[in-house]
Every structure is written in structure tokens, then in C-alpha cells.
Amino acid sequence: MQSLTNKRILLGITGGIAAYKSADLTRRLREAGADVRVVMTRAATEFITPLTLQALSGHEVRLDIFDPHAEAAMGHIELARWADAVLIAPTSADFMARLAHGRADDLLSTLCLATAAPLALAPAMNRQMWLNQATQANKNILEQRGIRLFGPGEGSQACGEIGPGRMLEPVDIVPLVAALFEVGLLSGLRVLVSAGPTREALDPVRYISNRSSGKMGYALAEAAAEAGAQVTLVSGPVALATPGRVARVDVTSAKEMHEAVLARAPQHDIFISAAAVADYHAAESAPRKMKKTQGKLALALLRNPDILEDVAALPQAPFTVGFAAETENLELNAQAKRAAKKLDMIAANWVNQPGLGFDSDENELKLFWEGGGRLLPRASKARLARELIAIIAEKYHAKHTTQNS
Ligand code: PMT
């Protein structure tokens, strides 16, 4: 069955170079079964013609609130009531600001105020504009009002810069629109995710750590929230923004992460351990900066507690998902970790292949559970996270159905 069958999507297009992607988006929404009506701002018409969108949507494109001809067919209030969901893609920085302030100075902003349907934005703008405090403040206001933000993605931009601000690809937006109508796969469940590296102090200025950026764990937290879960993210030091609707707890060392996770795990239904936790800490952390010495410096290291193993061993353990970062014998090592730590599932990834694993935007995951497994082929961490969350939800519900029957 198509994911948007009989759904009425009001597609708003604002001014930005990414408006060219709206043509493909319209086509894909219709292929997914949706009835699509397009409303463009005047600025959007500088980037793509209404005629293109009319041909692709099969309906006249609306531009103005003061258009007697269009209003005679379907008035703007009727149009606002008609929509099952309003998607604005691309959403410019200016439109986000207008929406945050409740402006109603053109047809699209008026419709956003007048509709009771869920509203989703796919922002697209230059990275500095996205990172600007004003835009970030507007984003927070909009999210607090329950408006969903799809992206933006990261990468090279039309302006020649690289960073966050690209509109998500239409192929990635369509399932997010479909998810607006689903009772989330994880609705009513509490999910705890660990992400990022830990830092083990050697002295006040030095530490042992690893190359984890937190991207995989943050993508999982975001995907779990999208699936309707109440999400807590325990994070090592990373340079990432907290995903919307996720509660974040910052920690530095493995010991702190252990305390933060173990204190919360009993109140959660699912634990996903994507953090790259240091296995060792210095036997002694020097109170003052260590001086250079002649010859060799030997550091004594002690084992850190295994957070994942301790969570899985809790009397009322949550459904526990580990990761395995491997440079050889991926399957053998991952299966051994799953068995030793008594995990419900493990997601193994290569961490010595270019573009995968640590600090990359893409990954490939090999999943293992009791009696089965699945390969999630190379894709963006955001897409893999959504796929992994869907599988975790399926296995979690299967386990609980069996336990309760
Ligand atoms: O953060 P990114 O840059 O996006 O990179 C993602 C990632 C490569 C860090 C991620 O995909 C990943 O593989 N995370 C687990 C890294 C790791 O520590 O793997 P491991 O094989 O050493 O540990 C196995 C499992 O035990 C992991 O779930 C780990 O979180 C957990 N562990 C390990 C040691 C410890 N003391 N406590 C733990 O809980």
C-alpha cells in the first residue's frame, strides 16, 4: 500500500534555490498516493514557475490571498481546512521568522495560522543563516509549538559553502510526511540513547579519547523521537545540536556516563548504546599539568565499568541494543559481544573503512539478534537510524508480546 494514500498535502514553497527540488517532491508525494495542492510565495516564483508545479500536482497553484478567481474555487480558509498536513519545502529563514512571529501577510503564512493540520518545515538556507542565533531561536519557538522540522541536511551548498542548511532530498522527506500520520512505532515508550566519546583525564589539560562525533547516536535519538518515543540522550562531549523533543544529559568521562545511564536505565523501555566509551582511565589523574620527563613516560590504566553490560544485567533490564566497532572479524566479534553482554541486539560497523564509522556522515550496519540478523547497506546515518529504530520497535514489540502471552 502507498504510504500517503488519500492524504491531502498542502505543499508550501518559499523562495530559495532548493525550490527546484519541490517539483520532484510534488511528484513523489503523488506517487505515494497523496493529493497535493501547491501554494507558493512570490519569492518562490523567482526560482520555479507555478506552471511546472501545476502540471505536476494536477491543480492550479495558489499565489495570492487576494485572488477572486482562486478564492471562488476554494477559499483560503477552506484550503486550510482541506489539508491533512501542511509541508513547507523549502522553508526560507525569512519564512521561519514570519511563522515564529505569527505573521499573516501572504497566503502561505495565513494558511499556516488558519490550519489545524500538522505543520512540517524542510528548511533550506545558507549555513551561516541557519546557524544564526535568530534562526536558531525561531527554530526553537517553532518546535516548542509542535511544528516538525525535517532537516536541514549537511553538505555542499549552492552558495559554495559546506555545512548545515541543505534541504533534505525529496526521497527522504516523503517517509517523514507519511510518519506524521502514523501512530509512532515507539509511541508511549521511553528510549535512552548514549552517544559520542568519553574523555578520561590525564591531568587538567590532557585526556584520552576517541574520534566519535556523536552523529550516529544523535541520529538515533532523533529517529526515536520521530517514532513517538520520549527520548533521553546521554552525550559525551560533541559539537552537535540537541535534536528537537530530546532531553539531553551531558557527561565527560566513562564514569560519569556510567552513573548517568545506570540512574536512568530502569525508567526506560529501550537502551541504545551508540557511545564510544573509553575502556580505560588513568590510574591517577595528575592534579597539576604533567611536566615533560626524560625518556619514556609510562601510564598506568585501569578498566572502566562496562555500561552496556551493567544495563543488560539489571533485574528489569530495558530492551538493550549495543554497537560493535570493529576493524576485523566483524561478525564473529559482534556476535561474541552480544553473547557476552547478553544483549537483545547488536549493530556492528566497520571503523577502518573510508567514509564509514567514526566521524562520518554515512555508515553501514550489520545487525544481529538471537537467531537472526540483517544488513543495513551504506546510507546516511539519518536514514540508517530510522531503519534501525523501525527494526528495534519490531523486535521490542515481538519480545513483549511473547512475554505477555
Ligand atoms: O559517533 P560517530 O562519529 O557517529 O561514530 C559512530 C560510532 C562508530 C562511534 C558508533 O557507530 C559505534 O560503533 N559505537 C560503539 C563504539 C564502541 O565503543 O564499540 P565497542 O565495540 O568498543 O563497544 C561495544 C559496546 O559496548 C558499545 O555499544 C559501547 O557503547 C559499549 N561499551 C563499551 C565500553 C564500555 N566501557 N561501556 C560500554 O557501554
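Are any residues in the range 163-198 crowded, with 17+ Cβ neighbours inside 10 Å, in contact with an Asp or Glu (Cβ under 7 Å, 6 or more places away or on another chain) and among the small types (G, A, S), and if so, which ones? Within the range 163-198, just A179 meets the criteria.
Quick one: which helices (runs of 4 or more DSSP H) lie wholly within the range 215-319 and hold at least 2 residues that are more than 24 Å from R383 (Cβ to Cβ) and basic (K, R)? Give the derivation first.
Numbers: elements: 215-226, 254-264, 307-312.
Answer list for the range 215-319: 254-264.
Selection of the range 337-379 for residues being of a type in the set (A, V, I, L, M, F, W, C), farther than 19 Å from P197 by Cα, within 12 Å of the ligand (Cβ to nearest atom) and more than 20 Å from the chain's Cα centre (by Cα) yields A340, L343, M345.
Strands (runs of 3 or more DSSP E) wholly in the range 119-192 with at least 1 residues that are of a type outside the set (A, V, I, L, M, F, W, C), out of contact with any strand residue (DSSP E or B) (no Cβ under 7 Å at 6 or more places or on another chain) and under 26 Å from R98 (Cα atoms) - which ones?
162-166
Taking the range 241-278 as the range and being of a type in the set (A, V, I, L, M), modelled with pLDDT of 95 or more and within 23 Å of A227 (Cα to Cα) as the test, the residues that pass are V249, V261, A265, I270, I272, A274, A275. In the range 241-259, the residues that are within 25 Å of V205 (Cα to Cα) form Cβ pairs under 7 Å with partners that are within 14 Å of the ligand (Cβ to nearest atom) and open to solvent by 70 Å² or more (accessible area, probe 1.4 Å), at six or more places apart or across chains, as follows: T252/R199; S253/R199.
Restricted to the range 76-91, and to residues there that are open to solvent by less than 20 Å² (accessible area, probe 1.4 Å) and under 26 Å from the mean Cα position of the chain (by Cα), the residue that is modelled with the lowest pLDDT is A83.
Answer yes or no as to whether E226 is open to solvent by 60 Å² or more (accessible area, probe 1.4 Å), within 20 Å of the chain's Cα centre (by Cα) and modelled with pLDDT under 95. Even if it seems obvious, please write down each step before you answer.
Details: open to solvent by 60 Å² or more (accessible area, probe 1.4 Å): no; within 20 Å of the chain's Cα centre (by Cα): yes; modelled with pLDDT under 95: yes.
No, not satisfied.
Please go through the range 270-285 and give me each residue that is farther than 11 Å from R199 by Cα, touching a residue at least 40 places away in the same chain (Cβ under 8 Å) and open to solvent by 30 Å² or more (accessible area, probe 1.4 Å), ordered by number. Let's see the steps before the verdict.
Residues of the range 270-285 that are farther than 11 Å from R199 by Cα, as a first pass: 270-275, 283-285.
If we keep only those that are touching a residue at least 40 places away in the same chain (Cβ under 8 Å) as well, we get 270-275, 285.
Across the range 270-285, the qualifying residue is only S285.
In a residue-by-residue description of the range 199-206, the property of being crowded, with 17+ Cβ neighbours inside 10 Å and not hydrophobic (A, V, I, L, M, F, W, C) applies to at least one position.
The values are calculated or read from the model by the stated rules, or taken from the named source; none is laboratory data. Just so we're clear, the structure is a prediction, and the values are computed from it rather than from any experiment. Note that each Cβ is placed from the backbone with ideal geometry, even for glycine, and that neighbours are counted across all protein chains shown. Each accessible area value is taken on the protein alone, full model and side chains, heavy atoms only, with ligands, DNA and RNA left out. Shrake-Rupley method; radii C 1.70, N 1.55, O 1.52, S 1.80 Å.
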